[in-house]
Amino acid sequence: MSLTLAEKIIRTHIVKGEPVAGREIAVRIDQTLTQDATGTMVYLQFEQLGVDRVRTERSVSYVDHNTLQAGFENADDHRYLRTVAARYGVSFSKAGNGICHQIHLERFARPGATLLGSDSHTPTSGGLGMLGIGAGGVDVALAMAGVPFRMTMPSIVKVVLTGELPPWVSSKDVILEILRRLGVRGGVGKILEYTGPGLRALSVPERATVANMGAELGATSSLFPSDSVAQGFLSAQRRESDWVELFPDPECGYSEELEVDLNSLQPLVARPHAPDNVCAVDEIAGMRIDQVVIGSCTNSSYKDLMMTAETLRGKKVHPRVSMVISPGSRQVMEMIARNGALAEIISAGARVLENACGPCIGMGQAPPTGGVSLRTINRNFKGRCGTADSEVYLVSPEVAVASAIRGELTDPRTMGRAPKVRLPGHFLIDDSLILQPPDDGSRISVIKGPNIAPLPECGALPDSLNGVVLLKVGDNITTDDIIPAGAAVLPLRSNIPKLSQFAFSGIDPGFAERAGKAGEELKAGVIAGGENYGQGSSREHAAIVCMYLGVRVVVAVSFSRIHRSNLINFGIVPVLFLEDRQYEAVAQGDSMVFHDLAAEIAGGDTVRAVNETRGERMDLKVDLSERERKVLSAGGKLRYAKGRLGTAAR
């Protein structure tokens, strides 16, 4: 049987089901990663499972999101994460070591292995031939406990790369071109598998950039082969023993095929406020800018920052522009410091931030009121940067640095000869900020600060439900819309009661209060949404705060993969409108009754709802696996899993 690369990895890890597109499968997970914005909840959930030690090949806890310590909250969370990692056998990457995806690529990603992460950009490791999948925290906690990860088997899309990138055009332009063609929903239920002669000229960091932003397509994952380029990268990281050769079989079949001629690409830009709102830079060149940000898990590699430094050499950042740089890892920072590139960046007038996510997650560096910010990050959702009326444009480092010099959006091809940057034969290796756990952590005391609140629980699914539509929203609602990021909110990620007060605050500041009043009237919350509800980050907090506020049903035209799973994980029923007319007929404030909810979820294809406000009966579609029905009936995945793990232990 001829197999794709993704099928090869899945077949060597499958423990249940048939790897046929659309069917549910369970796969063994080799490695997990968490980051501090999602990690506190993951480990609080893991502690509830009663497992004495992680059961993966390797699990790593990174601190890279909430590194701004304006109060005690983030520092307390970091202490909790450090102690809980030592207690249960998890490697702990301290604040300052760098961004989880960059470090994992450098130090832990392994071709042919599986990686589950509580961050939507976990597929970054696909640049090294590893099947990385983003998921909600409960799924990661269970994987750490040795429970296989269940998902719908994706279809596999072949992306053929031909030719070679022209000067000043980068891998960021490759994925922006694919986003332009497919859109933010174009990868839902799919794995993008890259192949073709164009691969030879793409380094592992460049491949990782493409794999990283596959998340913006809604893709389950993205994969590159493990070839001589991957071998060279691992050798330079002194990890030769992790390399294995991995290619798809020559005659394997794909569900779709897409070809990108690298020779024909030009510098691209994603305009506000969506990663797929893409056009050529030269179409809107000349636009005045206020800020340039180079960094994030997408473009903060050694190659990216060396290109930035070489372009800045002997030049100055425009007086009107604030330019900031965030190296992706301490390895990158120290290497550019030692070879003089960092001095060129500083001399040009750029500001250097710590090795962390920073501006990408809204943790500092918000643009001015109405400002224009060019960023090499992966998302430009409205308000994510911290300034509600700013405009964020997604660009390559080449476009970013050229524009910083000119003070306006600039096609870098007008800058003369492009600098040539090659990866070093050997990277600087210093893993001293990655703390390894003791062999026996049973005597470690796990320290929880006062901001770490107990986990809220959801009860079993009721037989019937008397609800009210708390909110109606449109298409492409993001998890940033549901629960925002930023310096004011991120420190509350381990305190759901306080965090819940920010739910939908950017769309409707009165949502949390309205949900509370509905609860006082013994009415459950219902949310109505359009297409691709819940796109973006994997943050399960977007589901948890809704559960905490009494939401039990979300009815939408369609859901993003991760958020749909998170809703189920926390006992919220995701159902689908059968036709557009139904969506149009629902309004905020409508009273909706679900008379036989538990029974219909347990075994039906539809849920019957009565909109009492409008006197209309609605049949809504149920699209759930048998296991998902049981999870919802139990009141969420943690309750369901604890029962099963307890039974297995007995």
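Could you pull out the residue among 143, 201 that is small (Gly, Ala, Ser), more than 22 Å from the chain's Cα centre (by Cα) and either farther than 24 Å from residue 301 by Cα or at pLDDT below 95 (or both)?
Matching residue, one of 143, 201: 201.
Kindly establish whether residue 446 is outside the structural domain of residue 536 (by TED's automatic domain parsing), in contact with a Ser or Thr (Cβ under 8 Å, 6 or more places away or on another chain), hydrophobic (A, V, I, L, M, F, W, C) and crowded, with 19+ Cβ neighbours inside 10 Å.
Against the criterion (outside the structural domain of residue 536 (by TED's automatic domain parsing), in contact with a Ser or Thr (Cβ under 8 Å, 6 or more places away or on another chain), hydrophobic (A, V, I, L, M, F, W, C) and crowded, with 19+ Cβ neighbours inside 10 Å), residue 446 does not qualify.
Among the residues of the stretch 121-153, count how many are crowded, with 24+ Cβ neighbours inside 10 Å and more than 21 Å from residue 22 (Cα to Cα).
Selection size over the stretch 121-153: 16.
Consider the stretch 239-266. How many of its residues are outside any loop (DSSP other than H, G, I, E, B), among the hydroxyl-bearing types (Ser, Thr, Tyr) and in contact with a Ser or Thr (Cβ under 7 Å, 6 or more places away or on another chain)?
Result for the stretch 239-266: 0.
Starting from residues that are part of a helix (DSSP H, G or I) and within 20 Å of residue 491 (Cβ to Cβ), keep the ones in the stretch 511-545 and report whichever is farthest from the chain's Cα centre (by Cα).
Step by step, filter the stretch 511-545, then rank; the result is 512.
Kindly provide the set of residues from the stretch 325-354 that are surrounded by fewer than 20 Cβ atoms within 10 Å (Cβ to Cβ) and in contact with a helix residue (DSSP H, G or I) (Cβ under 7 Å, 6 or more places away or on another chain), ordered by number.
Answer for the stretch 325-354, where residues must be surrounded by fewer than 20 Cβ atoms within 10 Å (Cβ to Cβ) and in contact with a helix residue (DSSP H, G or I) (Cβ under 7 Å, 6 or more places away or on another chain): 335, 352.
Consider the stretch 460-496. How many of its residues are under 23 Å from residue 559 (Cβ atoms) and not hydrophobic (A, V, I, L, M, F, W, C)?
Looking only at that region, the number is 12.
Filter the stretch 1-48 down to the residues that are part of a loop (DSSP other than H, G, I, E, B) and among the β-branched types (Val, Ile, Thr), then identify the one that is nearest to the chain's Cα centre (by Cα).
Applying the filter and picking the extreme gives 29.
Can you tell me which residue in the stretch 162-178 is nearest to residue 644 (Cα to Cα), limited to those that are out of contact with any Lys or Arg (no Cβ under 9 Å at 6 or more places or on another chain) and surrounded by fewer than 24 Cβ atoms within 10 Å (Cβ to Cβ)?
So the residue we want is 177.
Considering (1) under 16 Å from residue 562 (Cβ atoms); (2) in contact with a Leu (Cβ under 7 Å, 6 or more places away or on another chain), say which one residue 150 fails and leave the rest.
(2) is the only condition that residue 150 fails.
Listed residues 455, 499; which is in a loop (DSSP other than H, G, I, E, B), closer than 17 Å to residue 137 by Cβ and under 25 Å from the mean Cα position of the chain (by Cα)? Explain how you work it out, then say what you get.
Working: 499 fails: in a loop (DSSP other than H, G, I, E, B).
Of 455, 499, the one residue that is in a loop (DSSP other than H, G, I, E, B), closer than 17 Å to residue 137 by Cβ and under 25 Å from the mean Cα position of the chain (by Cα) is 455.
Please verify whether residue 644 is assigned to a helix (DSSP H, G or I), modelled with pLDDT under 95, outside the structural domain of residue 146 (by TED's automatic domain parsing) and farther than 30 Å from residue 360 by Cβ, treating the condition exactly as stated.
yes
Could you go through the stretch 393-410 and let me know if any residue there is among the small types (Gly, Ala, Ser), under 27 Å from the mean Cα position of the chain (by Cα), part of a loop (DSSP other than H, G, I, E, B) and surrounded by 16 or more Cβ atoms within 10 Å (Cβ to Cβ). Walk me through how you get there before you give the answer.
Quick first cut of the stretch 393-410, residues among the small types (Gly, Ala, Ser) only: 396, 400, 402-404, 407.
Retained after the next criterion (residues that are under 27 Å from the mean Cα position of the chain (by Cα)): 396, 400.
Next, from what is left, pick out any that are part of a loop (DSSP other than H, G, I, E, B): 396.
After this cut, where a residue has to be surrounded by 16 or more Cβ atoms within 10 Å (Cβ to Cβ) as well, the list is 396.
Checked against the condition, which is being among the small types (Gly, Ala, Ser), under 27 Å from the mean Cα position of the chain (by Cα), part of a loop (DSSP other than H, G, I, E, B) and surrounded by 16 or more Cβ atoms within 10 Å (Cβ to Cβ), the stretch 393-410 yields at least one hit.
Take the residues in the stretch 370-392 that are of a type in the set (A, V, I, L, M), out of contact with any helix residue (DSSP H, G or I) (no Cβ under 6 Å at 6 or more places or on another chain) and not in a loop (DSSP other than H, G, I, E, B), then tell me which one is surrounded by the fewest Cβ atoms within 10 Å (Cβ to Cβ). Spell out the reasoning first.
Step one: of the stretch 370-392, the residues of a type in the set (A, V, I, L, M) are 372, 374, 377, 388, 392.
Still in the running and out of contact with any helix residue (DSSP H, G or I) (no Cβ under 6 Å at 6 or more places or on another chain): 372, 388, 392.
Checking the rest, the ones that are also not in a loop (DSSP other than H, G, I, E, B) come to 372, 392.
Numbers: 372: 21, 392: 26.
Result: 372.
In this structure, is residue 289 crowded, with 22+ Cβ neighbours inside 10 Å, hydrophobic (A, V, I, L, M, F, W, C) and in contact (Cβ under 8 Å) with a residue 60 or more places away in the chain? If you could, list the steps in order and put the result at the bottom.
Working: crowded, with 22+ Cβ neighbours inside 10 Å: yes; hydrophobic (A, V, I, L, M, F, W, C): yes; in contact (Cβ under 8 Å) with a residue 60 or more places away in the chain: yes.
It is true that residue 289 is crowded, with 22+ Cβ neighbours inside 10 Å, hydrophobic (A, V, I, L, M, F, W, C) and in contact (Cβ under 8 Å) with a residue 60 or more places away in the chain.
Does residue 269 satisfy being under 14 Å from residue 402 (Cβ atoms) and part of a strand (DSSP E or B)?
Criteria met by residue 269.
What's the total number of residues in the stretch 562-606 that are exposed (fewer than 15 other Cβ atoms within 10 Å of the Cβ), among the acidic types (Asp, Glu) and touching a Lys or Arg at 6+ places or on another chain (Cβ under 9 Å)?
2
Testing residue 311 on (1) touching an Asp or Glu at 6+ places or on another chain (Cβ under 9 Å); (2) assigned to a loop (DSSP other than H, G, I, E, B); (3) among the β-branched types (Val, Ile, Thr); (4) surrounded by 22 or more Cβ atoms within 10 Å (Cβ to Cβ), one condition comes back false. Which one is that?
Here residue 311 meets the rest and fails (2).
In the set 335, 363, 323, 306, which member is part of a strand (DSSP E or B), touching a residue at least 60 places away in the same chain (Cβ under 8 Å) and among the aliphatic types (A, V, I, L, M)?
Answer to the check: 323.
The values are calculated or read from the model by the stated rules, or taken from the named source; none is laboratory data. Because the structure is a prediction, the values reported are computed rather than measured. A quick note on method: Cβ atoms are made from the backbone with ideal geometry, for glycine too, and the neighbour counts reach across all protein chains shown.
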